[in-house]
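Report on the following structure.
The values are calculated or read from the model by the stated rules, or taken from the named source; none is laboratory data. Worth saying up front: this structure is predicted, and the values here are computed from it rather than measured. As a convention, Cβ positions derive from the backbone with ideal geometry for all residues, glycine included, and neighbour counts pool all protein chains shown. The accessibility values were calculated without ligands, DNA or RNA, using every heavy atom of the protein model including side chains. Shrake-Rupley method; radii C 1.70, N 1.55, O 1.52, S 1.80 Å.
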Amino acid sequence: MSKVVIDKSARVARRAKIKGDFDVEIGPGTMINNDCKIVASKGPIKIGANCLIEEQSLIVNNSDKQMVIGDYNYLEVGARIECLKVGNRNRFECKSTVALGAVIGSDCIIGALVQICPGDVVEDNFIVFGEKQKRRIVKSSRNLSDIKAALSTSQAMAF
Amino acid sequence: MEKLQGSVIEPPKIYFDQKTWIQTKLGNKISKNSLLYGSNKIRVLGKTIVEPGVIIRGDLATVDLGKNCIICENSVIRPPDQRYPGKLVYIPLKIGDYCIIEKNSIIQAAKIADFVHVGQNCVIGKRSMVSSCVKILDNTVLAPNTVCPPFTVFGGSPGKVVGRLPPSFQHYCIDQTVTFYKNFVEEKTPIPSTAKRNSMK
């Protein structure tokens with residue numbers, strides 16, 4: 001049978017949906033807001049520590065292998081992740097989609113309404129933005145401080 | 001008297017099921033399938049329509065909705081945050097009168113003034129200020145902190161001025177919202193024929 005292992009310090013909202021036949025593991029300190037869906041339909045999912053997952057976002061595993069999402073990731077409203085490997089300290093802005101087969105490194109920012117095709121590799125410290133999906137290197141990364149501030153206020157507010 | 005029944009110029013009536021919608025005293029029609037968090041901090045002036053699937057986060061900060069607004073399905077209305085050194089604070093969100101917000105859009109603006117038409121699948125960035133009489137096309141992304149001047153059309157990602165609007169856009173918005181609200185009527189069960197006969201006697 002599938003297990004859902006949620007750490008003690010993680011906060012999962014009441015209306016979040018965790019579905020699927022495979023294991024789901026949620027690390028310490030993560031916050032999962034209402035109306036999220038985590039679907040382990042064909043393979044297990046492991047979410048790292050201190051992630052923030054906001055409303056209407058989707059994490060789906062449609063492949064046989066394990067899906068690993070790193071620490072300190074910030075998934076804004078409506079983000080969809082289907083790829084297998086996501087690094088640490090990334091920020092997925094509103095309504096961005098990452099297809100199966102893509103690989104995302106650490107310290108990246110994926111802009112709003114951006115769709116990353118299967119087979120695409122986003123290396124460390126890159127921003128993907130705009131209609132034509134231009135990329136450039138981040139000059140000074142503030143992802144870690146942003147998500148730490150967001151996590152501290154939302155933990156104090158919600159519960 | 002009123003116009004002829006079944007005339008072509010009048011838009012058709014849209015019937016909603018009385019069980020899944022709430023009608024308040026001020027005339028708001030709010031779907032029961034919408035999620036309103038922190039409802040004591042959400043202020044809605046009369047005659048707005050909130051369709052199913054809408055998420056309004058009033059628990060983060062106060063949300064003010066104007067009158068005669070239409071908020072279509074699956075939109076998210078979320079107050080933006082402001083970072084100060086050492087902390088993060090959520091700012092209240094205000095939406096003006098006669099606004100139309102279409103399906104699947106995400107609004108994180110600080111202020112949206114009156115007579116604004118937001119298209120489908122839009123993302124309005126954090127802390128942005130949208131003035132009155134602005135049209136935002138479908139699939140646009142407004143970057144955080146943008147200011148939209150009045151009587152403009154915004155489009156693209158990042159959102160830029162794409163066109164201009166005539167001064168009659170204000171009346172267009174009033175016309176659209178007021179007729180939509182008038183035609184958004186609850187389904188009435190028909191009176192059985194025996195009751196009618198008794199009342200005639």
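Yes/no matrix, rows are residues, columns are (1) within 11 Å of chain B (Cβ to nearest Cβ); (2) without any contact (Cβ under 8 Å) to a residue 12 or more places away in the chain; (3) part of a loop (DSSP other than H, G, I, E, B); (4) touching a Phe, Trp or Tyr at 6+ places or on another chain (Cβ under 9 Å):
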{"residue": "A:L100", "(1), (2), (3), (4)": "no, no, yes, no"}
{"residue": "A:G119", "(1), (2), (3), (4)": "no, no, yes, no"}
{"residue": "A:D124", "(1), (2), (3), (4)": "no, no, yes, no"}
{"residue": "A:S140", "(1), (2), (3), (4)": "no, yes, yes, no"}
{"residue": "A:S152", "(1), (2), (3), (4)": "yes, yes, no, no"}
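Exactly one residue out of B:I100, B:I95 is within 29 Å of A:S152 (Cβ to Cβ) and either at pLDDT 90 or above or aliphatic (A, V, I, L, M) (or both): that is B:I95. The number of residues in the stretch B:103-117 that are within 14 Å of chain A (Cβ to nearest Cβ) and touching a strand residue (DSSP E or B) at 6+ places or on another chain (Cβ under 8 Å) comes to 5. Does the stretch A:22-44 contain at least one residue that is closer than 30 Å to B:Y37 by Cα, open to solvent by 60 Å² or more (accessible area, probe 1.4 Å), of a type in the set (D, E, K, R) and not in a loop (DSSP other than H, G, I, E, B)? Within the stretch A:22-44 (the criterion being closer than 30 Å to B:Y37 by Cα, open to solvent by 60 Å² or more (accessible area, probe 1.4 Å), of a type in the set (D, E, K, R) and not in a loop (DSSP other than H, G, I, E, B)), the answer is yes, since at least one residue qualifies. Taken over the stretch A:45-67, the criterion of being open to solvent by 30 Å² or more (accessible area, probe 1.4 Å) and either over 15 Å from the mean Cα position of the chain (by Cα) or among the aliphatic types (A, V, I, L, M) (or both) is satisfied by A:L58, A:N62, A:D64, A:K65.
One line per residue, one yes/no per condition, for (1) in contact (Cβ under 8 Å) with a residue 40 or more places away in the chain; (2) away from chain A (no Cβ under 12 Å); (3) open to solvent by 20 Å² or more (accessible area, probe 1.4 Å):
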position: B:D81; (1), (2), (3): yes, no, no
position: B:G86; (1), (2), (3): no, no, yes
position: B:V89; (1), (2), (3): no, no, yes
position: B:L93; (1), (2), (3): no, yes, no
position: B:I100; (1), (2), (3): yes, yes, no
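Hey, does the stretch A:52-71 have a residue that's at positive phi, free of Cβ contacts under 8 Å to residues at least 60 places away in the same chain and of a type in the set (G, A, S)? No, the stretch A:52-71 contains no residue that is at positive phi, free of Cβ contacts under 8 Å to residues at least 60 places away in the same chain and of a type in the set (G, A, S).
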